[in-house]
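Just so you know, all these numbers are worked out from the coordinates, no wet-lab data involved. As the structure is a prediction and not an experimental result, all values here were calculated from the model. Backbone-built Cβ (ideal geometry, glycine too); neighbour counts: all protein chains shown.
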Amino acid sequence: MKLSFVRVVLFAFLATVMLLGIGPALAAPTCQDRHGLTIRCGTHGAMPVGWSLPFEERKVRTPSPSASQLLMLIGTLGLLFALIALLPEFDGTSSRDWDKQEGDG
């Protein structure tokens, strides 16, 4: 069955209209505690919705990784790259790269 140009254009137009008509997904609001950390609204220590700690009062620092964590990360990445380097060559151009399939003589 051959699709005509009009049917293809009509299908594309209808799909576009349907996708544009979908509203965005709304998430629940987030609240902050007295230290400026994000916390679930309605729990103990949560400030009202929309309240935020002034930037000058924020004392939150992101934790930096320790030396042992960095060494573990470097070792894990090294092991991953070593395993990738040990993979056999495969480009798929020769017939011996592929297994015998059903129906092959």
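How do 5-11, 35-41 rank on mean C-beta neighbours within 10 Å, highest first? Could you put the intermediate results ahead of the total?
Numbers: 5-11: 9.6, 35-41: 12.9.
Per-residue mean Cβ counts within 10 Å order the peptides as 35-41, 5-11.
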Calculated from DSSP H runs of 4 or more alone, at -39500 (n - 2.57) each and per residue, what is the 222 nm mean residue ellipticity of the chain, nearest 500? -11000 deg cm²/dmol
As a Kirkwood estimate from alpha-carbon pairs, the chain has a hydrodynamic radius in angstrom of 22.2 Å
Amide H neighbours of residue 39 at under 5 Å, excluding residues fewer than 5 places away on the same chain, with H built from the backbone geometry, are 31, 32, 33
Report the full-extension gain for the segment residue 11 to residue 87: residue separation times 0.36 nm, less the Cα-Cα distance, to one decimal in nm. 22.9 nm
